[in-house]
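The values are calculated or read from the model by the stated rules, or taken from the named source; none is laboratory data. Here the structure is a predicted model, which is why all the values come from computation and not from measurement. Glycine gets a Cβ as well: all are built from the backbone with ideal geometry, and neighbour counts include every protein chain shown. Just so you know, the surface numbers come from the protein's heavy atoms only, side chains and all, with ligands and any DNA or RNA stripped out. Shrake-Rupley method; radii C 1.70, N 1.55, O 1.52, S 1.80 Å.
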Amino acid sequence: MKAWISAAVAGALSLSLATSAVAQTKWDMPTPYPDGNFHTINNRQFVDEVAKATGGRLQITIHSNASLLKLPEIKRGVQTGSVQIGEFLVSTLGNEDAVFAFDSVPGLATSYDKAKKLWAAAKPYVAARLEKQGMVLLYSVAWPPQGVYAKKELTALADLKGMKFRAYNPATARFAQILGASPVTIQQAEVPQAFRAGLADAMITSGATGVDTQAWDYLTHYYDAQAFLPQNIVFANKAAFDGLPEADRKAVMAAAEAAEARGWAESEKLNEGFKKTMAEKGIKVAAPTAAMSQELAKVGETMAAEWVEKAGPDGKAIIDAYRK
């Protein structure tokens, strides 16, 4: 009798353990940025909150610094389901669909408040495109405003003519072309090596990237142009998301809402500190010259007109809603 009871108890325990194992879902999350980057730190808090809110039923493992997938591979990875969730710079998809480059028009949204307003206008269109491709938008966080870096002093953007200009999306490549520079696509993790090898002479990016890549080791000047605030989005495979219990889906979306608010606040909070750090490390940090500001405005007008034409009715609707 006792042997029978022991066997029954062991069987029940085994079934309970098996059920618990099945109930736990594991997702992989590739991101292009290093562990110290504020986006990665924010993402880690997001996955911790998801794990807590779901009682450990959903465990998300972050693979930082392009260790699992490089930035250009992440969207495809999530779309096909080889990974369940990912983060990338949304404007890198500008050639696929111009709407994805809403955030990279110089001079359109040059402050955090303006960038938030632009995101509110663009979000429904971005979300709809992702959903059509089998993905779910979770949240977006802006990088600090973009400035111009160079290996030498610049008096005007025209000085970039003939230089090799690091581009990270179609918009920054177009920016370089308009100024007569030669765009070279280089991912963030490869920036220091590219500059040291002479593959790049200048770039436009944030103070965050300058600090992440220790820009003081390979260039000398930073001009705080505040041209635009590009955004990263975090998104999930729709089938994987829909396969979660309803309570867990709600937990993910609640954590995503908190991550977006926290990420934007942290980006703005850290912005001045990034520039201070670069200055302390020896980079000459300066405001753009009058000539730079005038040139930037003209480039922005050109790129805004081009973007609206490429983005079509949805692009016009985004601009109209933003300017309302």
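Between the C-alpha center of region 176-197 and that of region 30-99 there is a gap of 24 Å. Mark the label point 7 Å from the Cα of Thr220 along Cα→Cβ and return the residues of region 273-297 whose backbone N is within less than 15 Å of it. Inside the label zone: 282-286.
If R0 is 41 Å, the Cβ-Cβ spacing of Ala287 and Asp242 corresponds to a FRET efficiency of close to 0.25. Helical runs (DSSP H, four residues minimum) scored at -39500 (n - 2.57) apiece and divided by the length of the chain put the mean residue ellipticity at 222 nm at -17000 deg cm²/dmol.
Looking at region 68-191, the accessible area is 37 square angstrom per residue; that uses a 1.4 Å probe and ignores ligands, DNA and RNA. In degrees from 0 to 90, rounded to the nearest 10, what is the angle of the helix 2-23 Cα long axis to the longest principal axis of the chain? Long axis of 2-23 versus the principal axis of the chain: about 20 degrees. Using the Cβ-Cβ distance between Ala158 and Ala304 with R0 = 22 Å, the FRET efficiency computed as 1/(1 + (r/R0)^6) comes to roughly 0.60.
Stretching the chain fully between Ser182 and Ala279 yields a gain of 32.2 nm (0.36 nm per residue, less the alpha carbon separation). Counting only residues at least eight positions apart within a chain, or on another chain, the aspartates and glutamates with an alpha carbon under 13 Å from that of Lys152 are Asp201.
For region 208-240, the residues whose amide N sits under 20 Å from a probe point set 7 Å from the Cα of Arg323 along the beta carbon direction are 227-229. Once log10 I(q)/I(0) by the Debye sum over Cα atoms at q = 0.07, 0.13 Å⁻¹ is calculated for the structure shown, the corresponding label among [x] -0.51, -1.03; [y] -0.26, -0.93; [z] -0.32, -0.94 turns out to be [z]. Compared with the dominant principal axis of the Cα atoms in the chain, helix 38-53 is inclined by about 20°. Taking only protein heavy atoms and a 1.4 Å probe, the accessible area of region 127-242 is 48% carbon and sulfur. Computed over region 16-119, relative contact order equals 27 percent, with contacts defined as Cα pairs under 8 Å that lie 6+ residues apart. Using the Cβ-Cβ distance between Ala261 and Glu96 with R0 = 30 Å, the FRET efficiency computed as 1/(1 + (r/R0)^6) comes to roughly 0.60.
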